[in-house]
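The values are calculated or read from the model by the stated rules, or taken from the named source; none is laboratory data. What you see is a predicted model; the values in this text were computed from it and never measured. Note that each Cβ is placed from the backbone with ideal geometry, even for glycine, and that neighbours are counted across all protein chains shown.
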Amino acid sequence: MTSKRYARSPQVAARRLGDEIMIMSAPDSTLFTLNEVAALIWEASDGSLALNEIVERDICPAYDVPADLALQDAELLAEELVAHGILLRCEEPVREALEPK
Amino acid sequence: MIAGTCLAASGTTPRNKPQGVIVEIGGIPILLRSGDAKFRAMLEQRYAGFLNPSAQPASEFTVYLNPPRTKMPDEDAQVFRNDSVWHIERGDFRAEWDTEAGRGYVRQSANPYAIDTVLRITHSLVLAGKSGFLLHAASAVRDGRAFLFAGASGAGKTTIARLAPEDAKVLTDEVSYVRRQKDGYFAFGTPFAGELAKVGENMRAPIAALYLLAKGPRNRIEPVARSEAARALLSNILFFAEDPEFVEWVFQSACEFVGLVPVYRLTFSPNARVWEMIG
């Protein structure tokens, strides 16, 4: 199982519209639309949980899908979002996200 | 300090500022000063219906006239910010606007297009902070409600405005002025005209619907899902700056707008019967 962690880029504006999330990249005004499943991953990506933990917690129970298959898709999605600069790859867990402010 | 630059360059003093005209669009008055009486007269003619000499200006620009260029540039304006000062530049003009001081300057030739662009950009920047935006759209008021018709060049904005029945007041055939107020989104008339070459009615009304224009053999109206509506809206918003804060404001305004205002795709053939479906 992967332990990769991802965090939402601060350089984007995002808003949930129904089941989807719209994201606009500030540097180049590019628009992205995330579907229902991608939106769950995006919202949970705060740098504190590993991707496999997000998949097991949010995706598998909701969609009745095997964890390994869901994780493969989630990794592809996360890396695509990294390539577009709207998710950031984290080497270490982001502790701040776990601690209440 | 841009004010210092202006004053030094023009030889004027704060006690001897050039006269100006106050152009009020969307409830936001902007004072345009110029020492050139013919240029002021041109402004008064171009923005007739939107002049408000008694308004307290929200901002002011002093216009310095340069010799005309032989060729008008057609490139987009560059808009960027250093602290509180916005820089707006195109081949035919250069402007700075200090949002904290509430004033700026424009260096341009005596053509109306440069000052028109500066006004559009200034209003788009002001509106962004007020949950509003300028939109590539015709708009008209019917029975006290505003209807917006958005689309790129050639989509039919001027056509739909030209076909408007007598009881409809056309706010613009080119650039719609959208502003969030406490009781919803309102459209305001603008002097920013397209092919119709006619200044819009200076009035405001709550927005009842946004139509995304498409040409087709039959008139048809279809609802548009919110995410598609937001994408279409964002693609038609006049978006001059790449400043992250500005982008965030405009993006959030567009998403909020499509949550409050119904959005439809209006496919139409160019005849007046299309207006039987509006309102």
- Residue that is farthest from the other protein chains (Cβ to nearest Cβ), among those in segment A:1-22 that are closer than 15 Å to A:ALA44 by Cβ and part of a strand (DSSP E or B): A:ARG5
- Candidates B:VAL250, B:VAL258, filtered to the one that is within 13 Å of chain A (Cβ to nearest Cβ) and within 25 Å of B:ASP143 (Cβ to Cβ): B:VAL258
- List the pairs whose first member sits in segment B:159-182 and is touching a residue at least 60 places away in the same chain (Cβ under 8 Å), whose second member is crowded, with 18+ Cβ neighbours inside 10 Å and basic (Lys, Arg), and whose Cβ atoms are under 7 Å apart, counting only residues at least 6 apart or on separate chains? B:VAL175/B:ARG120
- Task: Could you tell me which of the residues B:SER84, B:SER54 is in contact with a Ser or Thr (Cβ under 6 Å, 6 or more places away or on another chain), farther than 15 Å from B:VAL106 by Cβ and either surrounded by 17 or more Cβ atoms within 10 Å (Cβ to Cβ) or not assigned by TED's automatic domain parsing to the domain that holds B:VAL199 (or both)?
- Result: B:SER84
- Note on the structure: When restricted to A:ARG5, A:ARG15, the only residue touching a Cys at 6+ places or on another chain (Cβ under 8 Å), more than 17 Å from A:ARG89 (Cβ to Cβ) and either buried (at least 18 other Cβ atoms within 10 Å of the Cβ) or charged (D, E, K, R) (or both) is A:ARG15
- Item | Residue in segment A:32-53 that is under 30 Å from B:GLU228 (Cα atoms), in contact (Cβ under 8 Å) with a residue 60 or more places away in the chain and either within 14 Å of chain B (Cβ to nearest Cβ) or surrounded by 19 or more Cβ atoms within 10 Å (Cβ to Cβ) (or both) present | no
- Query: In segment B:201-219, is there at least one residue being within 14 Å of chain A (Cβ to nearest Cβ) and closer than 29 Å to B:LEU51 by Cβ?
  - Reply: no
- Item | Filtered residues of segment B:230-242 (kept if more than 8 Å from chain A (Cβ to nearest Cβ) and not polar (S, T, N, Q)) | B:ALA232, B:LEU233, B:ILE237, B:LEU238, B:PHE240, B:ALA241
- Give me a count of the residues in segment B:136-148 that are in a strand (DSSP E or B) and surrounded by fewer than 24 Cβ atoms within 10 Å (Cβ to Cβ). 3
- Query: Got a sec? Which strands (runs of 3 or more DSSP E) wholly within segment B:149-261 have at least 1 residues that are in contact with a His (Cβ under 9 Å, 6 or more places away or on another chain) and surrounded by 21 or more Cβ atoms within 10 Å (Cβ to Cβ)?
  - Reply: B:175-181
